[in-house]
Amino acid sequence: MRLYDLAKIVRSKNSGPFEITLDILFDNKDSYDKVKNSNILTKEYIAKLYKTDVNKVTCLTFYDQALGIKATLARKISSGTCKDRDVYGAQQYAPLANIKID
Amino acid sequence: MRQCRILAPCAMLGYGFPKVSFLKGMELKPDAIVVDAGSTDAGPHKLGAGVGIVSEMAYKLDLASLIEGSVKADIPLIIGSAGGSGAIPHVQWTKRIIDEILAENNIKGKRVAIIWADIPKKIIKERMNENKVETLGLTVKELTPERLKKTNSVVAQMGHEPIVKALEEGADIIICGRAYDPAPFAAVAIHKGVDAAFAYHAGKILECGAICAEPGTGKDCVLGIIDENGFTIRPINPKLKCTKESVAAHTFYEKDHPYILHGPGVVLNLKKCEFKETGDGSVRVTGSKIDFPSIYKIKLEGAMLAGFRTFVIAGIRDEYTIANIDEIEKGVVEQVKDYYSGIDKESYEINFINYGINGVMGDLEYVTELPHEIGVIIEAIADTQQLADAICATARSTFLHYGYKGRKSTAGNLAFPFAPSDVSFGAVYEFSVYHLMEVSDGMEMFDIEYYEV
């Protein structure tokens, strides 16, 4: 199953102009646990997906209370300057959405 | 039990809110109306150019309702990050509009506070020399004296301290320069004697209006009820409901970490929070914790000019043109450079964005099949507007008639939706300052000015 179909919310947004943060939220514990326990989501995996160095992925955290997963990475180009393609960073989750979870 | 009620009318001053929701919210007897007007979301241009995020018409429309409500109920109205970026021109713009509304409605006997958030470059330079300025983010460039000099203006995000001070001084309307988004909300609760952890966590939810509800919207009201044991978030419009997921999800929103949130002089730890639905569409939150680091740091924001932009929008429907797009782009850039051989090649650049291929994701796009048509943006960025106009025009005409191998559409490669086709856009900025600076306390950098109406 694709992560996009399993999760209730998959989104991306600037967290400040120099970072993009990716949120995956679930409406049931089973789906959340399934993704969490799959161990697919690691800083290394996010770095590969976003073609960046693993040290540029500053956060990958599971927040059980909110049934949510957050990953944050440094932007290669800061928001709203030359060559940025997504000023709000609101459409940068597509690579994440396509992850297959068995 | 100590309790504080704050009405948040919308996510952004100028986004608007249903009048019915606002009036119903006012019936719930809030202690203050607080609205956030700021964001860096729209990029560095607003700060660099000294312009607002929303239109003056919308800004005034919202402010007029809020002032009317606060005057009628005799409660304070607080505006966070006035004018969007919260620098001098944004604060002055907000003050002018508020003064107009007060005069037009013959409102008198009100005390207005302005809290300035501009940081003089001289002070930043001094603190740089004392190693008290650090970058905030792995790709933030180092702040050199040269980059600081090029920066138009620098603001810092204030915490609750100066806003609490203005409340203590009896201000009815408080215009905050750049503020940490939750701080104006937190200030009201802290002023009422409520724990800072609940005050800031509630502020973090409230600053976005009803985005924390389902369906989420930045254009409707929520009430925050903050007390000694936690806080409750209550949507006003009966069509909106808060769920434990929606409020917990909002704690996440646009922050780098899900439960550790850094603000001026504070670190929120929300790991042990509990979110409970109370059955009436509200959500109760408990367990928020706060730390006060021994060194007080404020976040500086500054923007500098990066160049001037001219662009053209066009469409391509020809399958051969789409298939050969990389080669065409390369050829166009080469021909423009040859044509302007007398002009420094470092003084301009040509960029292409191809919607339908990889317009949104750039080199992160993983879908490879080509569509039947694409939208193209040809962009020139240059040291002057005149040069950007010239480069863009030449790139456009070269692209239009570019003869690649196997071309059948020899009359033209681009469909322009508009005449004229080129948009001489203006200045492009870059966040040149996004740094933390050590200060002695939350009051040091934020001067408060009062006047009576």
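The values are calculated or read from the model by the stated rules, or taken from the named source; none is laboratory data. In this text, all values refer to a predicted model and were calculated from it rather than measured experimentally. Cβ sites come from the backbone with ideal geometry, for glycine too, and all protein chains shown count toward neighbours. Accessible surface areas use protein heavy atoms only, side chains included; no ligands, DNA or RNA. Shrake-Rupley method; radii C 1.70, N 1.55, O 1.52, S 1.80 Å.
Annotations for the structure displayed:
- Among the residues of region A:75-102, the one identified as within 7 Å of chain B (Cβ to nearest Cβ), open to solvent by 40 Å² or more (accessible area, probe 1.4 Å) and among the hydrophobic types (A, V, I, L, M, F, W, C) is A:V87.
- Test: residue in region B:346-355 that is of a type in the set (D, E, K, R) and within 28 Å of B:E319 (Cα to Cα): yes
- Subset of region B:254-268 [of a type outside the set (A, V, I, L, M), open to solvent by 30 Å² or more (accessible area, probe 1.4 Å) and more than 7 Å from chain A (Cβ to nearest Cβ)]: B:H262
- Unique match (being open to solvent by less than 30 Å² (accessible area, probe 1.4 Å) and touching a strand residue (DSSP E or B) at 6+ places or on another chain (Cβ under 8 Å)) among B:A49, B:A32: B:A32
- Count - residues of region A:9-43 that are among the acidic types (D, E) and in contact (Cβ under 8 Å) with a residue 24 or more places away in the chain: 3
- Only one of B:L148, B:L143 that is open to solvent by less than 10 Å² (accessible area, probe 1.4 Å) and either more than 14 Å from chain A (Cβ to nearest Cβ) or touching a Ser or Thr at 6+ places or on another chain (Cβ under 9 Å) (or both): B:L148
- Some residue of region B:117-125 being open to solvent by 40 Å² or more (accessible area, probe 1.4 Å) and of a type in the set (V, I, T): yes
- Selection within region B:269-299 - within 14 Å of chain A (Cβ to nearest Cβ) and among the polar types (S, T, N, Q): B:N269, B:T286, B:S288
- Residue match in region B:169-185 (condition: over 23 Å from B:V428 (Cα atoms), among the hydroxyl-bearing types (S, T, Y) and open to solvent by less than 20 Å² (accessible area, probe 1.4 Å)): yes
- Some residue of region B:71-93 being farther than 19 Å from B:C176 by Cα and not in a helix (DSSP H, G or I): yes
- Scanning region B:269-316 for residues that are open to solvent by less than 10 Å² (accessible area, probe 1.4 Å), in contact with a helix residue (DSSP H, G or I) (Cβ under 9 Å, 6 or more places away or on another chain), over 30 Å from B:P238 (Cβ atoms) and not hydroxyl-bearing (S, T, Y) yields a total of 8.
- Cβ-Cβ contacts under 8 Å between residues 6 or more apart (or on different chains), taken from a first residue in region B:359-387 that is away from chain A (no Cβ under 14 Å) to a second residue that is among the basic types (K, R) and assigned to a loop (DSSP other than H, G, I, E, B), are listed as B:H372/B:R317; B:E373/B:R317.
- Close pairs from region B:240-252: first facing chain A (nearest Cβ under 9 Å), partner in a loop (DSSP other than H, G, I, E, B) and surrounded by fewer than 21 Cβ atoms within 10 Å (Cβ to Cβ), Cβ under 7 Å, at least 6 apart: B:E245/A:D27
- Any hit, region B:418-427, residues being within 27 Å of the chain's Cα centre (by Cα) and over 30 Å from B:T144 (Cα atoms): yes
- Count - residues of region A:7-32 that are in contact with a Ser or Thr (Cβ under 9 Å, 6 or more places away or on another chain), under 15 Å from A:Y63 (Cα atoms) and more than 9 Å from chain B (Cβ to nearest Cβ): 2
- The single condition from (1) closer than 27 Å to B:T410 by Cβ; (2) more than 14 Å from chain A (Cβ to nearest Cβ) that B:I343 fails is (1).
- Considering the conditions (1) under 19 Å from B:V433 (Cα atoms); (2) within 14 Å of chain A (Cβ to nearest Cβ), B:I53 is excluded by exactly one of them, (1).
- Some residue of region A:45-53 being of a type in the set (A, V, I, L, M, F, W, C), open to solvent by 20 Å² or more (accessible area, probe 1.4 Å) and more than 12 Å from every other protein chain (Cβ to nearest Cβ): no
- Residue in region B:334-355 that is touching a strand residue (DSSP E or B) at 6+ places or on another chain (Cβ under 6 Å), open to solvent by 30 Å² or more (accessible area, probe 1.4 Å), outside any strand (DSSP E or B) and within 18 Å of B:F399 (Cα to Cα) present: no
- Any hit, region B:82-91, residues being in contact (Cβ under 8 Å) with a residue 24 or more places away in the chain and surrounded by fewer than 23 Cβ atoms within 10 Å (Cβ to Cβ): yes
- So A:T72, is it within 7 Å of another protein chain (Cβ to nearest Cβ), without any contact (Cβ under 8 Å) to a residue 24 or more places away in the chain and in contact with a His (Cβ under 8 Å, 6 or more places away or on another chain): no
- Hits in region A:60-69 - residues which are within 8 Å of chain B (Cβ to nearest Cβ) and either touching a Lys or Arg at 6+ places or on another chain (Cβ under 6 Å) or open to solvent by 10 Å² or more (accessible area, probe 1.4 Å) (or both): A:T61, A:Q65, A:L67
- Test: B:K219 is touching a residue at least 60 places away in the same chain (Cβ under 8 Å) and open to solvent by 20 Å² or more (accessible area, probe 1.4 Å): yes
- Per-region count, region B:214-242, residues under 16 Å from B:C273 (Cβ atoms) and under 25 Å from the mean Cα position of the chain (by Cα): 3
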